[in-house]
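J.: Before anything else, here's the structure in question.
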Amino acid sequence: MRHAQVMVDHSAGVEHYPGESKVAVAPVDGAMVCCGIYGVFEHTGIWLDGHVIELHGSGLVKAVSPQRFLNDRSGEQIYMVCDKHLQPLVVDGAAERAIARIYTYIEYHPWGNNCHRFTFECVSGEKSAVCSFYDFNVAVNRYFHRRLYWQPVRLGRFS
């Protein structure tokens, strides 16, 4: 199933949106991942040691298995954001910032303080105004100064 097709014009600095490429990549700790939610929205998190650290809709930050990350969502696939050489985009400190937030609560709001803001703040180490998948992609594009390629994750031993 394809992800939300709201911004297929690639104006957010994205070369391949989730579902537009079938070339799978091996997961890398600290990388940003996403999955689809009923073909309308995306859910983002940080990959770490075979798990995804996510901000759940309850406001709890937790580490979940790839299967749990996909459960009760439309996606059958997790995607990782990469550069044009299909190397996952990772910044030092992102995984550590995500780990530090596990089992904390964040005042969650689906249109504001959500998974996209949480994930980008883990990457940047700074507060952000990111509130949508489009905003998230724009922010990641600007942060890394490169076009984004959302590639399927080769789960292998993690599935």
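Throughout, read-outs are computed from the coordinates displayed, never taken from laboratory work. Bear in mind that the values here come from a model prediction, so they are computed numbers and not experimental data. A quick note on method: Cβ atoms are made from the backbone with ideal geometry, for glycine too, and the neighbour counts reach across all protein chains shown.
J.: Please turn the phi angles of region 85-98 into ³J(HN,Hα) values with the Karplus equation 6.51 cos²θ - 1.76 cosθ + 1.60 (θ = phi - 60°), one per residue in order, whole Hz, x for glycine and proline.
T.: 8, 6, 9, x, 7, 9, 10, 4, x, 4, 5, 5, 5, 5
J.: Taking region 76-109, which GluC sites (Glu not before Pro) meet the DSSP loop condition and have no more than 11 other C-beta atoms within 10 Å?
T.: Numbers: sites: E76, E96, E107; in loops: E76, E107.
Those satisfying the criteria are E76, E107.
J.: May I ask you to list the lysines whose Cα is less than 20 Å away from that of K22, ignoring any residue fewer than eight positions away on the same chain?
T.: Reachable lysines: K84.
J.: Defining a contact as two alpha carbons under 8 Å apart and six or more residues distant in sequence, what relative contact order in percent does the chain show?
T.: Once divided by the residue count of the chain, the mean separation gives 32 percent.
J.: Separate question: What FRET efficiency do you get for T104 and R146 if R0 is 30 Å and r is their Cβ-Cβ distance, rounded to the nearest 0.05?
T.: The calculated FRET efficiency here is 0.45.
J.: Pick out, in residue order, every one of the trypsin sites (Lys or Arg not before Pro) in region 33-120 that is DSSP loop and has at most 11 other C-beta atoms within 10 Å; say none if there are none.
T.: Qualifying residues, ordered by number: K84.
J.: Another one. What's the local net charge at L89, with K and R +1, D and E -1, over the other residues with C-beta under 9 Å away?
T.: With Lys, Arg at +1 and Asp, Glu at -1, the neighbours total 0.
J.: Taking 8 Å as the Cα distance limit and 6 or more residues as the minimum spacing, I'd like the relative contact order of region 20-96 as a percentage. Each step should come with its number before you reach the end.
T.: Working: 132 pairs, mean separation 28.1, N = 77.
Across region 20-96, relative contact order equals 37 percent.
J.: In region 14-152, if every C-alpha pair distance is counted and binned at 5 Å from zero, what percent goes to each bin?
T.: Histogram of Cα-Cα distances, whole percents per bin: 2, 11, 22, 27, 23, 12, 3, 0.
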